[in-house]
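Visitor: Before I ask anything, let me first share the structure, which is written out below as structure tokens.
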Amino acid sequence: MAADSIQQAIILGNVASISATVQNLLNQGLAAQQILDEHLLPGMAVVGERFKRNEMFLPQVLMSAQAMQTAIDILKPSLISSTNAQKRETVIIGTVKGDMHDIGKNLVRIMLIGAGVEVVDLGVNVPAQCFLDAVIQHQAAVVCLSALLSSTMNNMREVVQLFRGTENLKTTKILIGGAPVSREFSTDIGADSYAPTAPAAVEQVKILCGL
């Protein structure tokens, strides 16, 4: 498979072929950053647009995400060691404490990766302190909070209050989303932004990061 077919492998979610091709391109001397910027990210951008237009559905997007992650795992050692590696904004994402739902969160993570953002996924049932610790560790620009249950959405408030009460992190940008969440609730708890859908979350992250 030629380099220009990597995008097609991402779109089709073809893990086996993309793994072999990316490794082959590295062996031929193609820079990891070039593979990422010119082939992988454009492929995920297509996936994001098709999902936004209802031309792709969640199972297909998840397959594309698996292919993307496989390729990134192969490239990561080269990207880390490259002095020319492009600095990407880092976003922390997780489902708040008490909530075990992750489909929406995972979809946002996938689409953020496709937009070229470095994403640290803390998983589900994440305590407030873990979000703060992750921002410190990864020097993150934005925190994305997800909740699907109305009984757990108030735990978003705890996260926001923790950040606002921490002197050197009080200006950290916080984006919230999930079925029971609204723009009004976002304003009420002091979050910086709200996204009703995964594509909207990507747009808001770009705005918050100044991209």
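Visitor: Evaluate the range 81-104: report whether one residue or more is in contact with a Pro (Cβ under 7 Å, 6 or more places away or on another chain) and touching a residue at least 60 places away in the same chain (Cβ under 8 Å).
Guide: The answer is yes, given that some residue of the range 81-104 is in contact with a Pro (Cβ under 7 Å, 6 or more places away or on another chain) and touching a residue at least 60 places away in the same chain (Cβ under 8 Å).
Visitor: Which of the residues that make up the range 184-211 are surrounded by 18 or more Cβ atoms within 10 Å (Cβ to Cβ), of a type in the set (Gly, Ala, Ser) and over 13 Å from the mean Cα position of the chain (by Cα)?
Guide: Selection gives Ser186, Ala191, Ser193, Ala195.
Visitor: Need the failing condition index for Gly116 against (1) surrounded by fewer than 19 Cβ atoms within 10 Å (Cβ to Cβ); (2) at pLDDT below 95; (3) out of contact with any Leu (no Cβ under 8 Å at 6 or more places or on another chain); (4) not hydroxyl-bearing (Ser, Thr, Tyr), just the number.
Guide: Gly116 satisfies every listed condition except (3).
Visitor: List pairs: first residue in the range 33-58 and free of Cβ contacts under 8 Å to residues at least 60 places away in the same chain, second residue assigned to a loop (DSSP other than H, G, I, E, B) anywhere in the structure, Cβ distance under 7 angstrom, at least six positions apart or on different chains.
Guide: Short answer, once both residue conditions are applied: Gln33/Ser82; Gln33/Asn84; Gln33/Ala85; Gln33/Gln86; Arg50/Met56.
Visitor: Taking Thr152, is it within 11 Å of the chain's Cα centre (by Cα), among the hydroxyl-bearing types (Ser, Thr, Tyr) and modelled with pLDDT of 90 or more?
Guide: no
Visitor: Being under 18 Å from Gly98 (Cα atoms) and β-branched (Val, Ile, Thr) is the filter here; which residues of the range 144-178 pass it?
Guide: First pass over the range 144-178, keeping only residues under 18 Å from Gly98 (Cα atoms): 144-162, 176-178.
Once the filter is applied, which keeps residues that are under 18 Å from Gly98 (Cα atoms) and β-branched (Val, Ile, Thr), the range 144-178 yields Thr152, Val159, Val160, Ile176.
The values are calculated or read from the model by the stated rules, or taken from the named source; none is laboratory data. In this text, all values refer to a predicted model and were calculated from it rather than measured experimentally. Heads up, the Cβs are rebuilt from the backbone with ideal geometry, glycines too, and the neighbour counts pull from every protein chain shown.
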